[in-house]
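Reading through the structure tokens given below for one structure.
The values are calculated or read from the model by the stated rules, or taken from the named source; none is laboratory data. Computed from a predicted structure; not experimentally measured. Using ideal geometry, Cβ is built from the backbone for each residue, glycine included, and neighbour counts are taken over all protein chains shown.
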């Protein structure tokens, strides 16, 4: 016999290993098919005369506790059903002892022969979540070695279900924390509370009522109440209940396991006003903003593991409410900044408006002076200065009309400026035409002023020198963006062109010197063309600023 047992022992270890793998492969306690197959095939491989095998899971959260059986028949088919002998199985589980009914024909203390007419013996081995059951047609079919194997498998079930519980708790906590991370507004705390309720359901946490008692810095008190199967309901209260405030300040879990046996805080009286069925036990878990409270109509309804679970959920809830505070503070700061920005925008618009008005006074003063000057050179200089000041005033006028007070659309500005220059020179539009090909692009104020002064100077030069003796022609202004954040500005005409020996880059005229200086301040140079008239081109960085 000892030799046979020695030969069987390695096979038993193999069976146990296969069952362990099946248990650890489970993702859900209800996923029993592969596990039962391994248990059955292992016992059959070892020559155990097995008829049925099953796992009876106790659901203690129901009132009264129920038993769900996962059973596999001799053909290897399994099914899930509520056990006919649930109270019997529940008793085995609560006792925590192996119960072997060796011969149902002669000794049937639980009346199982009528339920299982072809069964000779049944054995139930308790584990943490229920019992592992096996039956045989023959009486006394299971040896001590078989019993030892079943006990080993039951311990594996305990370890496996403990792992499933841990995974479920980890998943619930992760789900709640992810909901906290997804908060973008203070109001999103509502969704965190919904997820908390879902976590209770996922973890099989039963309760009659749940309360989230929030104590605010202002001294006000808000309770979010939840009954099982319903939604959260917010109810403001004049002030925090002294009992709850005491729990919160003590910062420790307070579990009143049976209020009928001990009600040192007098809670049953005021709870009777809130619940139709008398509350027997209450637990308050404090966190940064108040307490998370659950109650039940049954005494001592929450296990030590569930108390630990509630503490973990309350810790994550604290993260959510701290994030809510941060988001509220951020929203208030953003609102203050937006208000300050609006005030600065109004102020800056007023500044641009006043600068424009002041600049427009200067051309008027210069215009008065031109009437007293006879020198043509001095008169032209005053007129050029007058036009330059008007071009700068136009920038501030455009800024006053836009939302962005730091940049403006160069196309609209140059179009209006070119038309103003033509108008100020009194050009006959039938003789000299303006052709503006300007593409929309945004530039800084400094860049706009530089481009405007260049356009004003070059158009003025073209109108004065390119079309003598009534010559007809066109002045063209081109502007737009190029790749790599480069802007392009080109002013050209089809007039008589520059003198053969005239080099604009070395010319000593005030206007062209000004154009060259402006181009250098924009980190650019002037390119001059002579084909079909005269052209001046500048390419500049779009974010360039005048020095």
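For this structure, a couple of remarks:
- Qualifying position, being touching a residue at least 24 places away in the same chain (Cβ under 8 Å) and either in contact with a strand residue (DSSP E or B) (Cβ under 7 Å, 6 or more places away or on another chain) or surrounded by fewer than 17 Cβ atoms within 10 Å (Cβ to Cβ) (or both), among 196, 176, 205, 226: 226
- Scanning the stretch 279-293 for any residue that is part of a helix (DSSP H, G or I) and in contact (Cβ under 8 Å) with a residue 12 or more places away in the chain turns up nothing.
- Boolean, residue 54 is more than 24 Å from residue 113 (Cβ to Cβ), assigned by TED's automatic domain parsing to the domain that holds residue 149 and either touching a helix residue (DSSP H, G or I) at 6+ places or on another chain (Cβ under 8 Å) or not in a strand (DSSP E or B) (or both): no
- Test: residue in the stretch 85-93 that is over 19 Å from residue 151 (Cβ atoms) and part of a loop (DSSP other than H, G, I, E, B): yes
- Selected residue (only one of 80, 40, 63, 12 is under 50 Å from the mean Cα position of the chain (by Cα) and either crowded, with 16+ Cβ neighbours inside 10 Å or modelled with pLDDT of 85 or more (or both)): 40
- Residue-level analysis places residue 530 outside the set of residues that are at pLDDT 80 or above, closer than 15 Å to residue 460 by Cβ and out of contact with any strand residue (DSSP E or B) (no Cβ under 9 Å at 6 or more places or on another chain).
- Checked against the criterion of being in contact with a helix residue (DSSP H, G or I) (Cβ under 9 Å, 6 or more places away or on another chain), buried (at least 17 other Cβ atoms within 10 Å of the Cβ) and closer than 11 Å to residue 414 by Cα, the candidates 477, 445 yield just one match: 477.
- The set of residues from the stretch 30-45 being out of contact with any helix residue (DSSP H, G or I) (no Cβ under 6 Å at 6 or more places or on another chain) and either without any contact (Cβ under 8 Å) to a residue 40 or more places away in the chain or assigned to a loop (DSSP other than H, G, I, E, B) (or both) comprises 30, 31, 32, 40, 41, 44, 45.
- Screening residue 94 against (1) out of contact with any helix residue (DSSP H, G or I) (no Cβ under 9 Å at 6 or more places or on another chain); (2) modelled with pLDDT of 95 or more leaves a single unmet condition, (2).
- Being under 58 Å from the mean Cα position of the chain (by Cα) and assigned by TED's automatic domain parsing to the domain that holds residue 410 is not true of residue 469.
- Criterion: touching a helix residue (DSSP H, G or I) at 6+ places or on another chain (Cβ under 6 Å), in the same structural domain as residue 419 (by TED's automatic domain parsing), closer than 22 Å to residue 421 by Cβ and outside any strand (DSSP E or B) - qualifying residue of 515, 496: 515
- Residue match in the stretch 101-117 (condition: under 30 Å from residue 11 (Cα atoms), outside any loop (DSSP other than H, G, I, E, B) and outside the structural domain of residue 303 (by TED's automatic domain parsing)): yes
- Residue within the stretch 298-318 that is over 23 Å from residue 196 (Cα atoms), modelled with pLDDT of 90 or more and surrounded by fewer than 20 Cβ atoms within 10 Å (Cβ to Cβ) present: yes
- Boolean, residue 216 is outside the structural domain of residue 42 (by TED's automatic domain parsing), at pLDDT below 90 and exposed (fewer than 15 other Cβ atoms within 10 Å of the Cβ): yes
- Residue match in the stretch 277-285 (condition: modelled with pLDDT under 90 and in contact with a helix residue (DSSP H, G or I) (Cβ under 6 Å, 6 or more places away or on another chain)): yes
- Scan of the stretch 428-466 for residues that are free of Cβ contacts under 8 Å to residues at least 60 places away in the same chain, over 52 Å from the mean Cα position of the chain (by Cα) and either assigned to a strand (DSSP E or B) or closer than 22 Å to residue 516 by Cα (or both), ordered by number: 432, 433, 434, 435, 459, 461, 463, 464, 465
- Being assigned to a strand (DSSP E or B), crowded, with 16+ Cβ neighbours inside 10 Å and at pLDDT 90 or above is a property that holds for residue 210.
- Top-ranked residue of the stretch 118-139 - restricted to ones that are over 20 Å from residue 94 (Cβ atoms) and in a loop (DSSP other than H, G, I, E, B), ranked as nearest to the chain's Cα centre (by Cα): 119
- Considering (1) part of a loop (DSSP other than H, G, I, E, B); (2) in contact with a helix residue (DSSP H, G or I) (Cβ under 6 Å, 6 or more places away or on another chain), the lone condition that residue 160 does not fulfil carries the number (1).
- Flag if residue 487 is assigned by TED's automatic domain parsing to the domain that holds residue 530 and crowded, with 16+ Cβ neighbours inside 10 Å: yes
- Residues that are closer than 13 Å to residue 411 by Cα and touching a strand residue (DSSP E or B) at 6+ places or on another chain (Cβ under 7 Å) within the stretch 448-474 comprise 448, 451, 455, listed in sequence order.
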